Amino acid sequence: VQLQASGGGLVQAGGSLKLACSASGRIFGSYGMAWYRQAPGKEREFIGGMSWNGAWKSYGDSVKGRFTMSRDTRKTAVYLQMNALKPEDTAVYYCAARAAPGSSYNKGDYDYWGQGTLVTVSS
């Protein structure tokens with residue numbers, strides 16, 4: 001199973017970006033998904049998680065109210081809509097999947113990771 005994250009780029013503070021995570025196979029049929037990010041010199045941070053059917057979602061405090069996860073099961077893709085971006089949102093963003101219906105806050109619970117996509121927010 002391979003995950004591919006895309007959609008990163010350079011944006012001004014206050015702007016928006018939408019990241020996408022696509023996967024091979026039928027992974028999104030029964031897998032919990034999440035987005036993490038990692039800035040230079042910092043730990044990988046939980047951004048948001050979603051259960052296999054999208055019924056449960058949770059977001060990290062630093063992005064709550066600004067970022068939204070969604071999924072399109074037919075296209076086997078998961079999205080992260082990022083609004084009101086701040087310079088401190090600058091990081092490499094990773095999507096992750098776990099072979100279980102629910103999501104998790106613990107990055108060790110995820111079985112598959114995308115390669116990451118860089119988001120840079122200028123002030």
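The values are calculated or read from the model by the stated rules, or taken from the named source; none is laboratory data. Please read all numbers here as calculations on a predicted model, not as lab measurements. So basically every Cβ, Gly included, is an ideal-geometry build from the backbone, and we count neighbours across all protein chains shown. All accessible areas refer to the heavy atoms of the entire protein, side chains included, with ligands and DNA or RNA removed. Shrake-Rupley method; radii C 1.70, N 1.55, O 1.52, S 1.80 Å.
Yes/no matrix, rows are residues, columns are (1) at pLDDT 95 or above; (2) touching a Ser or Thr at 6+ places or on another chain (Cβ under 7 Å); (3) in a loop (DSSP other than H, G, I, E, B):
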| position | (1), (2), (3) |
| --- | --- |
| 28 | no, yes, no |
| 34 | yes, yes, no |
| 46 | yes, no, no |
| 53 | no, no, yes |
| 61 | yes, no, yes |
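Out of segment 63-96, which residues are modelled with pLDDT of 95 or more and assigned to a helix (DSSP H, G or I)?
The answer is 87, 88, 89.
I'm trying to understand the selection: among the residues of segment 1-23, which are part of a loop (DSSP other than H, G, I, E, B) and either at pLDDT 95 or above or open to solvent by less than 60 Å² (accessible area, probe 1.4 Å) (or both)?
The answer is 7, 8, 13, 14, 15, 16.
Looking only at segment 65-121, count how many residues are open to solvent by 40 Å² or more (accessible area, probe 1.4 Å), in contact with a helix residue (DSSP H, G or I) (Cβ under 7 Å, 6 or more places away or on another chain) and touching a residue at least 60 places away in the same chain (Cβ under 8 Å).
Final tally of qualifying residues: 1.
Quickly run through segment 77-90 and pick out the residues that are of a type in the set (Val, Ile, Thr) and under 18 Å from residue 55 (Cβ atoms).
Across segment 77-90, the qualifying residue is only 78.
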